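FYI, it's all coordinate maths here, none of it is from the lab. Everything numeric in this text was worked out from a predicted model, so none of it was measured. Using ideal geometry, Cβ is built from the backbone for each residue, glycine included, and neighbour counts are taken over all protein chains shown.
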Amino acid sequence: MDSTKLLELCDDVLGRLMAGGASDAKVVARTGQDLSVRVRLGEVELVEEAGTQSIAIRCFKGKRVATASTNDLTAAGLRRAVGDALELCDLAQEDPFAGLPDPAALASAYPDMRLYDPACGSITAGEAVERARRCEKASLDFDPRITNSEGGSFGRTQGGFVMATSGGFRGGYNGSYASVSTSPVAADEGGKNRTSGYWSAKRFLHQLEAEDAVGREAARRTVALLGARKVPTQEAPVIFDPDAARSLLGAFAGCVTGDAIYRRSSFLLDRLGETVASELVTLIDDPLLADGPGSRPFDGDGLLTRKNVVVERGVLKTWLLDTYGARKLGMASTGSAASATGSGAGVSNFYLAPGGVSAEALLRDTRRGLYVTGMMGFGFNAVTGDFSRGAYGYWVEDGALAFPVSEVTISLNFKELFASIDGVADDLEFKSGVASPTFRVAKMTIAGS
């Protein structure tokens with residue numbers, strides 16, 4: 001279903017809602033095609049291909065609000081969804097902050113964000129399987145010590161999104177995304193297995209790294225972990241590679257949304273305008289990046305999106321706010337509504353601004369410490385900022401990787417962790433909506449043997 005027909009569908013449902021007694025309403029239509037395959041040791045383990053279409057409704061009767069959705073787009077299915085939304089509105093409690101944004105603030109025009117690649121949809125299930133096989137085979141052929149595999153995967157998705165509101169917003173866009181990955185396994189001493197992985201993901205198919213290159217890099221990382229051991233418990237600098245660093249930024253991002261603030265579930269509560277990180281830290285949420293994985297021309301409220309500098313040279317400058325959260329906090333929306341049918345803010349392309357040195361130079365500048373390439377567990381308390389997770393990677397001696405490390409735990413409260421960042425590299429790459437270059441924390445507790 002093309003965008004014109006999706007908009008017509010939204011307008012039809014919107015008209016039914018208003019005729020049924022709604023004071024305001026928002027209708028979202030989505031359509032998509034997804035393909036996901038996985039192979040293991042060359043054999044196909046999974047092929048999933050599906051087409052989806054759905055309508056979601058957010059309905060208002062004064063200050064009462066309700067939502068409903070359906071993937072049954074027949075006349076009967078739409079009639080039932082409209083009826084459910086209107087009935088649920090009557091049952092809801094009033095919320096003084098509920099409502100659509102001021103119509104004058106709605107986006108009336110927006111840029112082409114280059115979010116859609118038609119080539120993604122041309123990948124058949126058979127071609128996807130071959131891409132996954134090539135990726136896995138490259139990892140298995142890399143070194144005889146690679147003895148097994150957790151599999152190779154390839155996925156692609158594309159779809160359309162359209163929204164119409166009683167406030168006057170009408171718009172939509174198409175998007176696509178493709179990814180390839182593999183995780184080889186190497187046999188180590190003492191019957192242990194070591195595994196690592198590597199992946200590439202982009203909105204445009206031609207931007208993906210070659211499957212062979214992804215497989216070889218995954219195998220290189222796996223073999224490099226052979227002989228991994230613990231290190232004595234100590235305090236030392238810790239370097240986070242981009243994948244590990246991305247995990248930390250994702251946790252931080254969840255603490256700067258308006259939802260986290262008005263629910264008082266963030267360690268950053270009451271710290272707006274204060275220094276919360278080192279001067280090397282500038283955290284940006286930018287939904288306007290060309291072909292960025294989290295880019296979007298307008299937010300879930302129909303407002304124009306914008307680049308938001310959340311932390312500038314260590315100072316917390318803003319929360320990420322949707323219309324609802326902004327009203328509760330007595331502030332203005334930052335164009336960050338994550339959901340078109342619910343309330344809540346979220347990130348788009350959230351990243352740590354890159355520094356002026358290479359990751360290799362940052363490593364050479366580290367006399368000794370831990371270089372983290374992966375973490376395990378979920379050891380973060382958003383309210384207190386306490387952080388503790390299992391980690392693996394390499395020990396650093398005299399500016400070089402000395403030996404692999406595993407079975408250690410790293411810990412430090414986020415208030416100190418981000419304040420202690422003393423080196424940021426220039427290797428920022430966007431594979432997902434949260435991204436980070438390599439960075440170094442001056443000192444963390446490393447619990448080992």
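Of note:
- Candidates LEU329, LEU320, LEU17, ranked by Gaussian network fluctuation over the chain, Cα under 10 Å, top entry: LEU329
- Note on segment 228-449: Rg/Rh from Cα positions, Kirkwood definition for Rh, rounded to two decimals, is 1.00.
- If a spin label sat at a point 7 angstrom from the Cα of GLU407 along the line to its beta carbon, the backbone N atoms of segment 184-201 nearer than 18 Å would be those of 186-196.
- Our note on the geometry: Cα centres of segment 336-377 and segment 130-167, 22 Å apart.
- Two-site label geometry, THR124 and GLN207: point separation in nm, points 7 Å out along Cα→Cβ: 2.8 nm
- Backbone phi angles across segment 368-379, fed through the Karplus curve with coefficients 6.51, -1.76 and 1.60 (θ = phi - 60°), yield HN-Hα couplings of 7, x, 10, 9, 8, 10, x, 9, 10, x, 10, x Hz in residue order; Gly and Pro are listed as x.
- Sorted fewest first by neighbouring Cβ atoms within 10 angstrom, TRP199, TRP319 come out as TRP199, TRP319.
- Here the residues PHE169, PHE403, PHE418, PHE204, ranked from fewest to most Cβ neighbours within 10 Å of their Cβ, fall in the order PHE403, PHE204, PHE169, PHE418.
- Dividing the helix sum by the residues of the chain, where each DSSP H run of 4 or more adds -39500 (n - 2.57), gives a mean residue ellipticity at 222 nm of -7000 deg cm²/dmol.
- Acute angle (nearest 10 degrees) that the helix 211-223 long axis makes with the longest principal axis of the chain, alpha-carbon atoms: 50 degrees
- GNM remark for the chain: springs join alpha carbons under 10 Å apart, and the peak mean-square fluctuation among LEU269, LEU100, LEU352 falls on LEU269.
- Relative contact order, percent, the chain [alpha-carbon distance under 8 Å, six or more residues apart]: 15 percent
- Relative to the dominant Cα principal axis of the chain, helix 75-91 is inclined by about 90°.
- Two-site FRET efficiency, ASP112 against ARG313, from Cβ-Cβ distance with R₀ of 35 Å, rounded to 0.05: 0.60
- Shape of segment 167-261, Cα gyration tensor, a/c cut at 1.5: oblate
- Neighbour net charge for ARG246 - beta-carbon separation under 13 angstrom, K R +1, D E -1: -3
- Neighbour-limited loop hits for chymotrypsin sites (Phe, Trp or Tyr not before Pro), segment 342-386 (at most 15 other Cβ within 10 Å; DSSP other than H, G, I, E, B): PHE378
- Cβ-Cβ FRET estimate between ALA382 and SER449, R0 fixed at 41 Å, reported to 0.05: 0.85
- Square roots of five times the Cα gyration tensor eigenvalues for the chain, Å: 42, 29, 18
- Centre-to-centre separation between the Cα atoms of segment 186-250 and those of segment 401-434: 13 Å.
- When the chain is treated as a GNM with alpha-carbon contacts under 10 Å, the residue of GLY126, GLY423, GLY159 showing the greatest mean-square fluctuation is GLY126.
- Projected over all directions and averaged, the alpha-carbon convex hull of segment 39-160 occupies 13.4 nm².
- Stretch gain in nm, segment ILE284-GLU43, where the contour uses 0.36 nm per residue and the Cα spacing is subtracted: 82.5 nm
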